[in-house]
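Contents: one structure, followed by commentary.
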Amino acid sequence: SSSSSSSSDPIFGADATPTVYFIGKMLWSKGIGSLMDLMKYAEESADLKVKVDMYGGGPNKDEASAKAEAMGLEMPFHGPIDHAALGSTHKVFINPSLSEVLCTTVAEALAMGKFVVLPSHPSNDFFAQFPNCLPYANKEEFVGNLYYALTHEPEPLTEEYSYALSWEAATERFAAAGSVSVAESDAMKEALSSTEAGIEIDLPPLTTNEEQRKKLTRTFRRTRGRYRNFRSRLSQEITKSNVLPKELQYRLIAELDKRLDVDLDELLSSPKLRVKLSPAKLDKLLLELYDSVVEGPRGDVFRVIGGGATVGRQNLYVKQQQSKMAKSENEVNPTQGHAVGIPDGAEASTPTNLVKRALKRNLPQKKQDLNSSINGGHSQEVKNREVPKMSLMGKHTRSDSTWGMRLVRHGSFTQSRPPISKYSPLI
């Protein structure tokens, strides 16, 4: 009696009126165009004309609705809806998407006891184990699976399959996928500690021209032959030598006897670059290189070029504003700027500014002493003198140690004071 009552179910029974639907984002990338083509093929090849209710919103909704109407398909677009509201209204869910990682709507439809018709794709491999999942590899299989779903009743979901769709089971599968066995761990340690550990990177062919390939091969073989003859003669000379120790002779001969066996055709057609670094070491070096680049004074420029343009421009703008504020404060109160420190602007490191700062550090006290002696009138000789200036000398003259300062000559400092007519001021 239970089988007869289930077969007469108005929605899920084998003789029930067909109820087919799709729910998802209304995007062409979700496969709604493929669904239209498949339904049109089912109508033309098997006279299987079925209404498909379309649920969901998206930017391509109106365009898809117009296309379905133009193709003569009974495919009304209803807009967004909660999937749970369709639990007892439809029997068959069609999901033609190939852009999913693990489709949530498929899991929900199977949990509600519906037939699910979907393409054979790696993203759907997990669902293929369920008896109500009907994968298809071509349009003929789609028509067959759709006809089967319309004329049969879905199998009840067992406790085992119900648990497979739970979050607990999903967490266990995630932990199992991320686990590594002891044997795999030991093999990885041995591989990374080996001197042969490294990474191979496939490179494009060196040449696709057959004549060029033959020319390169011929040249390489000729060069290798000459190099082997040289190594052979060198090995014979080392054997006859009485100067080198025997152990060193054996080691050198062993190295010279090694042969470089290279498949030239394979090298030219599919060259490989081998990096003798473990993946972890390579990642560390790349991160250090990245940090050294982006943390430098031009790091924001690299961020703008290589990605993160918004953050890079924002950091660059903030630094520019700080530099402008430092320059303006230095112009308002220059003495404070010299006392606290020189800003990092380009103008702070010009030769003229460097000389000016040197003068302000070394000369003010002596200049003040001269001014005080002049104002006091202690010596007419000091009064008539001019205060010396830092200058470039043309040649050595007599020295006068009373000034107690150094003058610049050809890039070096001297104690000499040349006549005023012999030099011109630097500043």
Task: Test: residue 68 is over 27 Å from residue 111 (Cα atoms) and of a type in the set (A, V, I, L, M, F, W, C) - done: yes
Task: Of all residues in the stretch 124-148 being acidic (Asp, Glu) and under 17 Å from residue 35 (Cα atoms), the one that is surrounded by the fewest Cβ atoms within 10 Å (Cβ to Cβ) - done: 140
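Quick one: how many residues across the stretch 73-131 are acidic (Asp, Glu) and more than 32 Å from the chain's Cα centre (by Cα)? Steps first, please.
From the stretch 73-131, those acidic (Asp, Glu) are 74, 82, 100, 108, 125; that's our starting set.
From what is left, the residues that are more than 32 Å from the chain's Cα centre (by Cα) are 74, 82, 108.
Residues meeting the conditions: 3.
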TODO: Kindly indicate whether any position in the stretch 208-221 is exposed (fewer than 12 other Cβ atoms within 10 Å of the Cβ) and at pLDDT below 70.
DONE: no
TODO: Determine whether the stretch 97-115 contains at least one residue that is hydroxyl-bearing (Ser, Thr, Tyr), assigned to a helix (DSSP H, G or I), in contact (Cβ under 8 Å) with a residue 24 or more places away in the chain and under 19 Å from residue 11 (Cβ atoms).
DONE: yes
TODO: Would you be able to say whether some residue in the stretch 136-151 is in contact (Cβ under 8 Å) with a residue 24 or more places away in the chain and assigned to a loop (DSSP other than H, G, I, E, B)?
DONE: no
TODO: Only residues in the stretch 32-46 that are farther than 14 Å from residue 119 by Cβ and among the hydrophobic types (A, V, I, L, M, F, W, C) count as the first member; pair them with residues that are in a helix (DSSP H, G or I) and open to solvent by 10 Å² or more (accessible area, probe 1.4 Å), Cβ under 6 angstrom, at least 6 apart or cross-chain, and list the lot.
DONE: 42/143; 46/143
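The values are calculated or read from the model by the stated rules, or taken from the named source; none is laboratory data. Only a predicted model underlies this, so the values are computations on that prediction, with no experimental measurement involved. Note that each Cβ is placed from the backbone with ideal geometry, even for glycine, and that neighbours are counted across all protein chains shown. Surface accessibility is based on the protein's heavy atoms, side chains included, excluding ligands, DNA and RNA. Shrake-Rupley method; radii C 1.70, N 1.55, O 1.52, S 1.80 Å.
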